[in-house]
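Quick notes on the structure that follows.
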Amino acid sequence: MQLLEERIRKDGQIREGNVLKVDSFLNHQIDIDLCNEIGREFRRLFPGDRITKILTIEASGIGIACITAQYFHVPVVFAKKSQSINLDGDMYTAQVESYTHKRTYDVILSRKFLTEKDRVLIVDDFLANGCATAGLVELVHSAGAAVEGIGIVIEKGFQKGGRMLRERGIRVESLAIVEAMEPATGTITFRQQ
Ligand code: 5GP
């Protein structure tokens with residue numbers, strides 16, 4: 001997505017540990033016009049009426065998922081990050097290792113909001129090693145629901161998440177795939193799609 005790549009080049013900041021900071025338009029301050037275009041593009045990539053729900057993870061995924069859902073006219077449900085697993089059995093749970101915070105946490109989702117009838121589009125801001133997204137896939141499978149696809153705003157193509165998920169036969173659509181980031185010069189190279 002040309003508009004997104006241009007914005008990443010202009011405002012993205014390369015940080016230590018292969019972290020791309022996009023706080024000024026996606027992760028802290030949110031550019032709603034850009035988000036609208038992101039939602040429209042996800043809709044173009046996943047046409048038809050199969051999708052019944054959009055699933056994301058708090059916090060950064062929620063805004064993107066909500067704007068995207070306006071193009072699909074389906075509810076958004078988000079997995080919550082939890083310190084301790086609620087053991088009363090009304091939650092699906094999965095373990096996720098945080099890329100940016102380098103720790104493991106549980107994500108939970110109420111059984112009420114995902115059932116075996118659902119066909120789910122998973123949406124998130126970043127795909128790096130794929131832990132967050134794989135955790136969401138696990139929640140969908142726990143519910144007996146189907147993963148229709150995964151929509152990612154920025155994939156870091158030099159990390160293993162995208163390949164791992166695609167090798168599992170899951171359709172992953174990333175609007176920008178970063179192939180390389182050069183901290184010294186600030187150069188960001190994108191995969192041609
Ligand atoms: P993964 O689980 O795929 O390794 O990492 C995905 C999650 O980590 C995303 O939900 C995102 O919040 C965070 N993340 C991973 N890499 C980056 C990055 O380069 N920049 C930012 N801002 N977040 C990242």
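The values are calculated or read from the model by the stated rules, or taken from the named source; none is laboratory data. As the structure is a computational prediction, the values presented were derived from the model and not from experiment. Cβ atoms come from the backbone with ideal geometry, glycine included; neighbour counts cover every protein chain shown. These accessible areas exclude ligands, DNA and RNA; they are computed on the full protein's heavy atoms, side chains included. Shrake-Rupley method; radii C 1.70, N 1.55, O 1.52, S 1.80 Å.
Brief remarks on what is shown
- Taken together, Leu109, Leu34, Leu55, Leu20 contain a single residue that is among the aliphatic types (A, V, I, L, M) and assigned to a helix (DSSP H, G or I), which is Leu34.
- Total residues in the stretch 106-123, condition open to solvent by 10 Å² or more (accessible area, probe 1.4 Å) and either touching a helix residue (DSSP H, G or I) at 6+ places or on another chain (Cβ under 6 Å) or among the β-branched types (Val, Ile, Thr) (or both): 2
- Only one of the numbered conditions (1) under 19 Å from Val107 (Cα atoms); (2) over 16 Å from the mean Cα position of the chain (by Cα); (3) surrounded by 15 or more Cβ atoms within 10 Å (Cβ to Cβ) is not met by Ile14, and that is (1).
- Reported count of residues in the stretch 143-161, each being in contact with a helix residue (DSSP H, G or I) (Cβ under 9 Å, 6 or more places away or on another chain) and either of a type outside the set (A, V, I, L, M, F, W, C) or in a helix (DSSP H, G or I) (or both), is 6.
- Here is the figure for the stretch 67-78: residues that are under 20 Å from Ala145 (Cα atoms) and either open to solvent by 50 Å² or more (accessible area, probe 1.4 Å) or assigned to a loop (DSSP other than H, G, I, E, B) (or both) total 4.
- Residues that are without any contact (Cβ under 8 Å) to a residue 60 or more places away in the chain and part of a helix (DSSP H, G or I) within the stretch 125-142 comprise Cys131, Thr133, Ala134, Val137, Glu138, His141, Ser142, listed in sequence order.
- Answer from Ile64, Ile85, Ile30 - the residue that is out of contact with any Pro (no Cβ under 6 Å at 6 or more places or on another chain), more than 20 Å from Ala145 (Cβ to Cβ) and modelled with pLDDT under 95: Ile85
- Candidate set from the stretch 37-52 (those that are out of contact with any helix residue (DSSP H, G or I) (no Cβ under 7 Å at 6 or more places or on another chain) and assigned to a helix (DSSP H, G or I)); member that is surrounded by the most Cβ atoms within 10 Å (Cβ to Cβ): Glu41
- Note on the stretch 86-105: among residues that are in a loop (DSSP other than H, G, I, E, B) and within 16 Å of the ligand (Cβ to nearest atom), the one that is least open to solvent (accessible area, probe 1.4 Å) is Ser98.
- Matching entry among Ala145, Ala132 (being touching a strand residue (DSSP E or B) at 6+ places or on another chain (Cβ under 9 Å) and within 13 Å of the ligand (Cβ to nearest atom)): Ala132
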